[in-house]
1. What's the number of the condition ASP66 fails, among (1) at pLDDT below 80; (2) in contact with a strand residue (DSSP E or B) (Cβ under 6 Å, 6 or more places away or on another chain)?
2. What about ILE153, is it surrounded by 21 or more Cβ atoms within 10 Å (Cβ to Cβ), over 19 Å from PHE39 (Cα atoms), modelled with pLDDT under 80 and not basic (Lys, Arg)?
3. Taking the conditions exactly as written (modelled with pLDDT of 80 or more, more than 26 Å from ASN208 (Cα to Cα) and buried (at least 17 other Cβ atoms within 10 Å of the Cβ)), does MET108 satisfy them or not?
4. Restricting attention to the range 159-187, which residues are modelled with pLDDT of 85 or more and not in a helix (DSSP H, G or I)?
5. Residue by residue through the range 111-126, note down the ones that are over 17 Å from GLY80 (Cβ atoms) and either in contact (Cβ under 8 Å) with a residue 12 or more places away in the chain or surrounded by 12 or more Cβ atoms within 10 Å (Cβ to Cβ) (or both).
6. At pLDDT 70 or above and either more than 27 Å from LEU171 (Cα to Cα) or part of a loop (DSSP other than H, G, I, E, B) (or both): is that true of SER257 in this structure?
7. Of (1) surrounded by fewer than 16 Cβ atoms within 10 Å (Cβ to Cβ); (2) under 18 Å from the mean Cα position of the chain (by Cα); (3) not aliphatic (A, V, I, L, M), THR244 satisfies all except one. Which?
8. Within the range 47-66, track down each residue that is more than 20 Å from ALA106 (Cα to Cα) and buried (at least 18 other Cβ atoms within 10 Å of the Cβ).
Amino acid sequence: MLRRPLIVIRHMPNIDFMRWHKVGFALSLVLTVASIVLFLVQGLNYGIDFAGGTLIEARTLSGPADLATMRPTLNSLGLGEVTLQNFGAANEVLIRVPRQPGDDKAQMAGVDKVKAALGSSVDYRRTEVVGPTVGNELVRAGVLATVLALLAIAAYVWFRFEWPFGVGAMLSTLHDTLTTIGLFALLQIEFDLTTLAAILTIAGYSINDTVVIYDRVRETMRRYKSIEFKELINKSLNETLSRTILTVGTVALAVLSLLIFGGEVLRGFSIAMLWGVVVGTYSSLFIAAPMLYYIRPKRGGRTKSEDDAETPKPAAKPVAKPPTRPLPKPGASPQRTR
């Protein structure tokens, strides 16, 4: 039984992406500059992982933990925004208390307030205080991980294709990363290790879409040697548009599910991923691919299949047969030619 493939676009579109690439460059420049300004002026709302704080692992003794009741009780203590998260069994809770002004005594005073508010129906299994030194080390490690990931992506694309492809991929991925940080600085969403993981995931998603487009561009360059470069890029983008729509749709549905049903713990991760899906697709279409028009890679010749398909083969000439001499009659002497 033959199965028909899933087709999103039945007819190959003919969208002139290169007509709007300068508008895309201008919009990306504005978003990138605005993100940098927001980061420098307003800053990020660092979570406990980076700013420090107290982590309490507790277990309720009277049944499953009622987070809806515990959360407003703890937030009314004046300790900042206290976050709660279920992990493991239904009666196990992870409580994160922001770092309090002062030394370790101030942190332990905050822990005592939490224990007094929850009462004796909670068993406290573990208490950890994340100091500012650990938070600064995590910040440095996070920045280093992001920079190394971007450099590794550029090196991979450079090795697989050519250096112009690596430059385009580097710029588009850097654009996605900076605009995501700018979004968190604008909305003041808590920025923690989960959000950092989302940023690295966005970089991987963006480069995956970019590599697919670059692979089609390289194939088109080899097949069509004399085609204009703008038309070549438009052709490659239109040929991969169906795959792009499928990828964006499936990833966006999964991220929306996390945003709606994932709760407060996954809210930052979901928002970062949803923004990254949109801006990653945009950067692949309007930054990474059009960048090749200005930093052009080497163009190869046609492939053998393309030449065979377009070059008519010359008709075969009839082969002239050599003249045949009559056989001598029996008994006759052979004639000599001078």
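1. Among (1) at pLDDT below 80; (2) in contact with a strand residue (DSSP E or B) (Cβ under 6 Å, 6 or more places away or on another chain), ASP66 violates only (2).
2. So ILE153 fits the description; yes.
3. Considered against the rule, which asks whether it is modelled with pLDDT of 80 or more, more than 26 Å from ASN208 (Cα to Cα) and buried (at least 17 other Cβ atoms within 10 Å of the Cβ), MET108 comes out as no.
4. none
5. SER121, VAL122, ASP123, TYR124, ARG125, ARG126
6. yes
7. (1)
8. ALA58, THR60, ALA65
The values are calculated or read from the model by the stated rules, or taken from the named source; none is laboratory data. Keep in mind the model is a prediction, meaning the values are calculated, not measured. Neighbour counts are summed over all protein chains in view; Cβ atoms, including those assigned to glycine, are modelled from backbone coordinates with ideal geometry.
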